[in-house]
């Protein structure tokens, strides 16, 4: 069964690129044509690249790897958090802090501080302190929660990262490349394909497009978890380096038996906020075509 259909991609607006004056010439091979000053992405290639990325993510997770979901633009924040949480993967949907990957030892210390503050609050550790001290500690906890909450359980650098908008997340992409961490990403017509290991040509500005492709990657993660469980239970032949025993969240995911199906990859309904967030609503709408 297909991971995602052409109709789903069309309905999500994944074929709309940027204006012809705003493009990266390296993306020429992924462009089908242009209409009314807007590039149209070749969705046949998109389907092919989705299959490649899907297989890579599934195998990475099946062998014990993790995928970090990254998307800090407004159009991607909600879907990044929702899909990463659904499959128990870390995510960053607020500001990317420089060094999150290349200086992870320092970031890990901040994560420990966050857990320490949360434990203090839950066990009454704030009692007996002045109002000012409590206020300062609460502010510190909230700030850490906002910036690092999505990676609180990430004990080491991820095996791969999923990125929505490589231009906006150029720091994250740069850090991943320095550490030879594979990058899977949506490639809009203004992106540089040379920076991405597993590209998916598509619209990274539309809410529905970003949500659909993020759901596809999350479904690959879910299928990888199931494959890993099958290996662990002896249903499949064991392979070298098949990873560690299943974590609690993975066992919960398996209990839910969430398959990576075509229906699961259906695009979310368009919201009123999407119209405001699109780059050029006068030209990037299906009505023009």
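The values are calculated or read from the model by the stated rules, or taken from the named source; none is laboratory data. Nothing here was measured: the structure is a model prediction, and the numbers come from that model. Note that each Cβ is placed from the backbone with ideal geometry, even for glycine, and that neighbours are counted across all protein chains shown.
Quick notes
For (1) at negative phi; (2) surrounded by fewer than 16 Cβ atoms within 10 Å (Cβ to Cβ), each residue gets a yes or a no:
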| residue | (1), (2) |
| --- | --- |
| 100 | yes, no |
| 103 | yes, yes |
| 119 | yes, yes |
| 124 | no, yes |
| 127 | yes, yes |
| 138 | yes, yes |
| 144 | yes, no |
| 157 | yes, no |
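- If you go through the stretch 9-21 and keep only what is part of a helix (DSSP H, G or I) and crowded, with 22+ Cβ neighbours inside 10 Å, you end up with 9, 12.
- Taking (1) more than 20 Å from residue 168 (Cα to Cα); (2) modelled with pLDDT under 95; (3) crowded, with 22+ Cβ neighbours inside 10 Å; (4) in contact with a strand residue (DSSP E or B) (Cβ under 7 Å, 6 or more places away or on another chain) in turn, residue 57 satisfies each apart from (2).
- Considering (1) at pLDDT 90 or above; (2) over 23 Å from the mean Cα position of the chain (by Cα); (3) part of a loop (DSSP other than H, G, I, E, B), the lone condition that residue 136 does not fulfil carries the number (3).
- Each residue in the stretch 60-92 was checked for being within 16 Å of residue 173 (Cβ to Cβ) and buried (at least 21 other Cβ atoms within 10 Å of the Cβ), and 9 pass.
- Residue match in the stretch 180-190 (condition: free of Cβ contacts under 8 Å to residues at least 24 places away in the same chain, closer than 20 Å to residue 72 by Cα and touching a helix residue (DSSP H, G or I) at 6+ places or on another chain (Cβ under 6 Å)): yes
Results for (1) part of a loop (DSSP other than H, G, I, E, B); (2) in contact with a strand residue (DSSP E or B) (Cβ under 9 Å, 6 or more places away or on another chain); (3) at pLDDT 50 or above, shown as yes or no for each residue.
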position: 194; (1), (2), (3): no, no, yes
position: 205; (1), (2), (3): yes, yes, yes
position: 230; (1), (2), (3): no, no, yes
position: 241; (1), (2), (3): yes, no, no
position: 264; (1), (2), (3): no, no, no
position: 274; (1), (2), (3): no, no, no
